[in-house]
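The values are calculated or read from the model by the stated rules, or taken from the named source; none is laboratory data. Note that this is a predicted model, so its numbers are computed, not measured. Quick reminder, even Gly has a Cβ in these numbers, built from the backbone with ideal geometry, and neighbours come from all protein chains shown. We work out accessible area using only protein heavy atoms, side chains counted, and drop any ligands, DNA or RNA first. Shrake-Rupley method; radii C 1.70, N 1.55, O 1.52, S 1.80 Å.
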Amino acid sequence: MRIDIVTIFPEFFDVLDLSLLGKARQSGLIDLGVHNLRDSTIDRHHSVDDTPYGGGAGMVMKAEPWGAALDAILGSDAPAAAPAAQAEGGPILIFPSPAGDQFTQAMARELSLEQHLVFGCGRYEGIDQRVVDHYSQRGRVRLVSLGDYVLNGGEVAVMAMIEAIGRLIPGVVGNPASLVEESHEDGLLEYPSYTKPASWRGLEVPPVLLSGNHGAISTWRRQQQIERTERVRPDLLPRTI
Ligand SMILES: C[S@@+](CC[C@H](N)C(=O)[O-])C[C@H]1O[C@@H](n2cnc3c(N)ncnc32)[C@H](O)[C@@H]1O
């Protein structure tokens, strides 16, 4: 998968050199390009923001540098209004935004099947709306929220999305079975996990896990999933049980 990120803080993404995603980059499973938005400015001060039309607090990211940076990645010759079929299969442009669709495991799985994702990290009060409107006429654009809270910028949200999406790309996680039993994969939270020693500070591992009875273990784990989900996230249950 090709991933491009446009940001005013490229160094934020140095952590993508580490761990499983770092290995996926080395092996070519993920091809990453991080682009500094300020490189797409033409003024002496490399300014990327200006005061909002209509007044109000804060600054808004200017459309021109975003247009130049995204055209350099997506190509500037796409027709102003690409037919849906033409847009289908092309890159998906994702703007993290608290006003976007909620990012979920299902969305991560869907996006992990794509060939090319382009992320645009907003800062300040966000990006001039015309950037979203313009690229929505040219291809697939999504506004995606990490949750109902406000971050200072899109970088942390993009990091979280890339980690969740990247680990679902075949080959990135060594044992694909470990992806199947995780929280949110079947709509439930995961069961609790234990490892050696069997007794620690007076706390014992549930005896069923030491029994060797795979059927009983499987039943216990399913019950734990349901109980935990009922207790912590009852909103998830009606969709699955
Ligand atoms: C300070 S926020 C702007 C918030 C905007 N004024 C609003 O009220 O919707 C700056 C940037 O952080 C990112 N951001 C903030 N909260 C986010 C969230 N919950 N999910 C995804 N991105 C977020 C977006 O890229 C946003 O453009």
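Data for the structure
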quantity: R0 of 35 Å, Cβ-Cβ distance Glu125-Ser76: FRET efficiency to nearest 0.05; calculated: 0.85
quantity: Of all DSSP beta bridges in the chain, antiparallel share, percent nearest 5; calculated: 15
quantity: For segment 90-143: rounded, prolate or oblate by the Cα gyration tensor [a/c cutoff 1.5]; calculated: oblate
quantity: Probe 1.4 Å, protein heavy atoms only - accessible area per residue of the chain in square angstrom; calculated: 58
quantity: Portion, in percent, of the accessible area of the chain that falls on carbon or sulfur, probe 1.4 Å; calculated: 54
quantity: Candidates Glu155, Glu11, Glu114, ranked by Gaussian network fluctuation over the chain, Cα under 10 Å, top entry; calculated: Glu11
quantity: Segment Val156-Gln224, length gained on full extension (0.36 nm per residue, minus Cα span); calculated: 21.3 nm
quantity: Gyration tensor verdict on segment 1-165 (Cα atoms; rounded if a/c is under 1.5, prolate if a/b is larger than b/c, oblate otherwise); calculated: rounded
quantity: Computed lengthening from Ser19 to Glu88, 0.36 nm per intervening residue step minus Cα-Cα distance; calculated: 21.6 nm
quantity: Pairwise FRET efficiency - Leu237 versus His116, Cβ, R0 = 35 Å, nearest 0.05; calculated: 0.45
quantity: For the chain: relative contact order, % (alpha-carbon pairs under 8 angstrom, 6 or more apart); calculated: 20
quantity: Listed peptides 37-43, 118-124, 201-207, 228-234 by packing density, highest first (mean Cβ within 10 Å); calculated: 118-124, 37-43, 228-234, 201-207
quantity: Cα-derived Rg to Rh of segment 180-234, Kirkwood definition; calculated: 1.01
quantity: Calculated FRET value between Ser136 and Ser211, using beta carbons and R₀ = 35 Å, to 0.05; calculated: 0.05
